[in-house]
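Participant: I am attaching a structure below and will ask some questions about it afterwards.
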Amino acid sequence: MSDSELQKQFMELDNLVDHHELSDELQSLDDFLGELQEEEEAVPVKTHEPRVHWRKRDIDGNIVYARPRSSRNQSNKECFLQDLQHSLSDTSDDEASPRGTSKDPFLASSNWSTRQSLFSERWRAESPRLVNTAAAQENVATRICQQCGSNPAAVRCCDCRPRPFFCAECDVSMHTRHVLHNRDAMTAGFYQPLPPTTFVVDKALSHCGRYDLSMPELSCEACQATWAAGVVDLNRSDYWPATLHFSTMYATDVFFSFEEMKMAAPGLSCQAFLRMLDQRTVRFGRTGKISTDSFQKSFFEWEAVRYEVDKICKEEHFICPACTPDMLAVSVDGNRKHYRFKNAARSEEQAIFEDIFIAKDEDVTRFVDYIHKTSKHV
């Protein structure tokens with residue numbers, strides 16, 4: 001028998017084997033499908049009607065729930081209570097226990113009165129330690145000068161932190177250059193506020209007279225040219241003159257504070273604000289009062305300059321507070337007391353913010369005449 005005949009017989013034998021295996025697999029598959037069909041016939045089939053659920057969403061596309069789910073509400077409560085436990089914990093931040101592990105079950109109360117009682121109780125528990133700390137801060141102990149490190153300290157400066165203690169010599173060398181620092185003497189056994197004109201000499205207070213601000217002036221010996229500081233130099237240092245003679249200057253931060261307080265409380269008077277500044281002056285051992293007229297005039301000029309700068313920068317220079325949700329305006333007549341200025345014997349000054357808040361009488365009259373001419377009266 002040739003090789004080709006042998007190969008042909010082998011191929012017929014393989015096909016016969018594959019056919020028998022395929023038949024067995026098909027038979028087993030038919031049996032399995034029959035069993036599934038019998039099980040489905042034994043179990044009744046339930047038909048479900050399709051349901052459509054409409055969800056309400058806000059303008060950002062977020063789902064708005066008509067009734068909060070119990071699980072979601074519970075999780076939000078748990079997070080809130082954990083934050084409350086952490087904020088009302090007795091331990092400090094360094095020794096605080098993990099969130100939600102507080103032993104006091106009342107810390108997790110969601111009742112407002114209970115939370116306020118717990119909050120007040122924490123302050124009452126901490127009050128003795130705060131009292132001891134405040135009393136220890138006023139203790140005038142024997143200290144060494146933190147500038148030279150050898151002489152005993154005689155002055156404490158609240159603006160020279162973190163090394164506030166100076167001996168008499170170091171205090172003079174330091175605060176002749178920083179005259180506006182707030183200092184306290186330690187020689188009397190308690191802290192005594194010192195004005196810029198007072199120093200400690202031989203453990204006693206010595207007054208060096210009145211301190212006047214001297215404006216620098218430079219001169220050239222060759223060409224005899226001179227230069228003196230002016231308003232521009234003060235503005236670059238964040239100061240604003242009360243008068244053009246530089247007898248009094250204001251830090252612009254004071255003007256910003258006054259402006260913000262007037263916006264928050266329009267009824268606050270300028271005199272009340274200056275009385276507060278006078279009390280701070282007394283607290284730091286200084287004397288003298290701030291002139292109300294000088295401060296108000298200087299403040300208005302400062303606001304006028306800022307308004308002109310805003311116009312140059314094309315910024316919105318005025319937004320009516322009465323037209324905004326947070327209304328800040330009150331009675332114009334009650335604020336500015338126009339009737340008093342009108343009846344008072346004083347010279348008429350040109351308005352700084354003319355035609356910004358209140359239109360001119362001429363413009364109003366012209367507009368009213370135009371309305372009367374163009375409209376028909378019935």
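The values are calculated or read from the model by the stated rules, or taken from the named source; none is laboratory data. Keep in mind that this is a model prediction, so the values were computed, not measured. Note: ideal-geometry Cβ built from the backbone for every residue, glycine included; neighbour counts use all protein chains shown.
Participant: Of all residues in segment 134-190, which are under 18 Å from LYS203 (Cα atoms) and of a type in the set (Ser, Thr, Tyr)?
Facilitator: THR142, SER150, SER173, THR187
Participant: Let me ask something else. Out of curiosity, is HIS207 surrounded by 12 or more Cβ atoms within 10 Å (Cβ to Cβ), farther than 27 Å from ALA134 by Cα, out of contact with any helix residue (DSSP H, G or I) (no Cβ under 7 Å at 6 or more places or on another chain) and not polar (S, T, N, Q)?
Facilitator: Spelling it out, it is not the case that HIS207 is surrounded by 12 or more Cβ atoms within 10 Å (Cβ to Cβ), farther than 27 Å from ALA134 by Cα, out of contact with any helix residue (DSSP H, G or I) (no Cβ under 7 Å at 6 or more places or on another chain) and not polar (S, T, N, Q).
Participant: Does GLN116 qualify as being surrounded by 13 or more Cβ atoms within 10 Å (Cβ to Cβ) and polar (S, T, N, Q)? Break it down into steps so the answer makes sense when it comes.
Facilitator: Working: surrounded by 13 or more Cβ atoms within 10 Å (Cβ to Cβ): no; polar (S, T, N, Q): yes.
No: the conditions fail for GLN116.
Participant: While we're on this one: Consider only pairs whose beta carbons are under 6 Å apart and that are at least six residues apart or on different chains; among these, list those whose first residue lies in segment 355-374 and is under 25 Å from GLU308 (Cα atoms) and whose second residue is of a type in the set (Val, Ile, Thr) and modelled with pLDDT of 80 or more.
Facilitator: none
Participant: Let me ask something additional. Quick check on segment 219-230. Is at least one of its residues surrounded by 11 or more Cβ atoms within 10 Å (Cβ to Cβ) and part of a helix (DSSP H, G or I)?
Facilitator: no
Participant: Right, here's the next one. What residue, of PHE295, PHE300, PHE273, is of a type in the set (Phe, Trp, Tyr), part of a helix (DSSP H, G or I) and under 18 Å from ASP238 (Cβ atoms)? If you could, list the steps in order and put the result at the bottom.
Facilitator: Values: PHE300 fails: under 18 Å from ASP238 (Cβ atoms); PHE273 fails: under 18 Å from ASP238 (Cβ atoms).
The unique qualifying residue is PHE295.
Participant: Confirm whether MET174 is closer than 30 Å to SER247 by Cβ and assigned to a loop (DSSP other than H, G, I, E, B). Explain how you work it out, then say what you get.
Facilitator: Details: closer than 30 Å to SER247 by Cβ: yes; assigned to a loop (DSSP other than H, G, I, E, B): no.
No; evaluated as a whole, the condition is false for this residue.
Participant: Right, next: Hey, can you tell me all the residues within segment 148-158 that are assigned to a loop (DSSP other than H, G, I, E, B) and modelled with pLDDT of 90 or more?
Facilitator: Of the residues in segment 148-158, the ones assigned to a loop (DSSP other than H, G, I, E, B) are 148-151, 153-154, 158.
Matches in segment 148-158: CYS148, GLY149, SER150, ASN151, ALA153, ALA154.
Participant: In addition: Working only within segment 177-218, note down all residues that are within 19 Å of ALA153 (Cα to Cα), assigned to a loop (DSSP other than H, G, I, E, B) and of a type in the set (A, V, I, L, M).
Facilitator: VAL179, MET186, ALA188, listed by residue number.
Participant: Ok, one more. Within segment 124-141, can you find the residues that are surrounded by fewer than 10 Cβ atoms within 10 Å (Cβ to Cβ), in a helix (DSSP H, G or I) and among the hydrophobic types (A, V, I, L, M, F, W, C)? It would help to see each step written out before you state the result.
Facilitator: Keep residues of segment 124-141 that are surrounded by fewer than 10 Cβ atoms within 10 Å (Cβ to Cβ), which gives 124, 128-129, 133-139, 141.
Adding the requirement that they be in a helix (DSSP H, G or I) leaves 124, 128-129, 133-137.
Answer for segment 124-141, where residues must be surrounded by fewer than 10 Cβ atoms within 10 Å (Cβ to Cβ), in a helix (DSSP H, G or I) and among the hydrophobic types (A, V, I, L, M, F, W, C): ALA134, ALA135, ALA136.
Participant: Within segment 245-289, how many residues turn out to be in contact (Cβ under 8 Å) with a residue 24 or more places away in the chain and under 24 Å from VAL231 (Cβ atoms)?
Facilitator: Going through segment 245-289 one residue at a time, the tally reaches 9.
Participant: Restricting attention to segment 176-194, which residues are touching a residue at least 24 places away in the same chain (Cβ under 8 Å), more than 24 Å from ALA136 (Cα to Cα) and either surrounded by 13 or more Cβ atoms within 10 Å (Cβ to Cβ) or not aliphatic (A, V, I, L, M) (or both)?
Facilitator: Answer for segment 176-194, where residues must be touching a residue at least 24 places away in the same chain (Cβ under 8 Å), more than 24 Å from ALA136 (Cα to Cα) and either surrounded by 13 or more Cβ atoms within 10 Å (Cβ to Cβ) or not aliphatic (A, V, I, L, M) (or both): there is none.
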